[in-house]
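Comments concern the structure below.
The values are calculated or read from the model by the stated rules, or taken from the named source; none is laboratory data. Remember, predicted model here, so these are calculated numbers, not experimental data. Here the Cβ positions follow ideal geometry from the backbone for every residue, glycine too, while neighbour counts run over all protein chains shown. SASA here: full protein model, heavy atoms, side chains in, ligands and nucleic acids out. Shrake-Rupley method; radii C 1.70, N 1.55, O 1.52, S 1.80 Å.
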Amino acid sequence: MSFDLWLIFVAVSLLPAISPGPGIMLAISNTLRFGRNATLASATGNAAGLVLIGYAVAFGFGALMSTSALAFTVLKFIGAAYLIYLGLKVWRDKSGFEISAENQVSRKSAWKLFLEALLVSVTNPKAILVITALFPQFMRSGRVDLLEISVLSFTYAALCFANHAAIAFAGGHLRRFLTSARRMRWVRRVTGGLFVGFGSALATASR
């Protein structure tokens, strides 16, 4: 891939990379609940999931998702159920947004945060379809080039990681709102409700 073509890919990928979705919602939630380092851990999991999707698309999984109603339906219900589960968990966790000296360190391990974001990423059929539509435009027709798909996958994942990292580093300003118990309660409800909303929207989505 030429440098000029790569720059075009970066420009075209910016909008889908920063568009609101379950991954960004998870980044905001982790920033508010656990702080910057937790969000960076989940951002790494999200990026890893996108790399996996990139390779899967190159080897035909994206085409399967585009043509098989069953595959799309199964994956979307798995993703929807997990998002709704996360939303209910956030809604019910009354201590999840407490800001105190004891809560500056994430109560979740980095590994758990990584896996959580990875699962959200790979079970999002819309992300798979976006990559399916985007990547082939920059791939050589009729063949799978591992170096080429690696460049595309890691570039797209890096753009998404940068977006999540920006959310993480803006977290200090966001977390100041949680010094009020009333604000904390409403942020928890809104965050949980958005997860449930994303899950419900995904469950009713069509290809």
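Would you confirm whether or not the range 17-32 contains a residue that is touching a Lys or Arg at 6+ places or on another chain (Cβ under 8 Å), open to solvent by less than 20 Å² (accessible area, probe 1.4 Å) and either part of a helix (DSSP H, G or I) or among the charged types (D, E, K, R) (or both)?
yes
Which one is modelled with the highest pLDDT, of the residues in the range 48-69 that are hydrophobic (A, V, I, L, M, F, W, C) and more than 21 Å from Gln137 (Cα to Cα)?
Ala48
Please work out which one of (1) modelled with pLDDT under 70; (2) more than 19 Å from Ile18 (Cβ to Cβ); (3) out of contact with any Leu (no Cβ under 9 Å at 6 or more places or on another chain); (4) part of a helix (DSSP H, G or I) is the condition Val151 fails and give its number.
(1)
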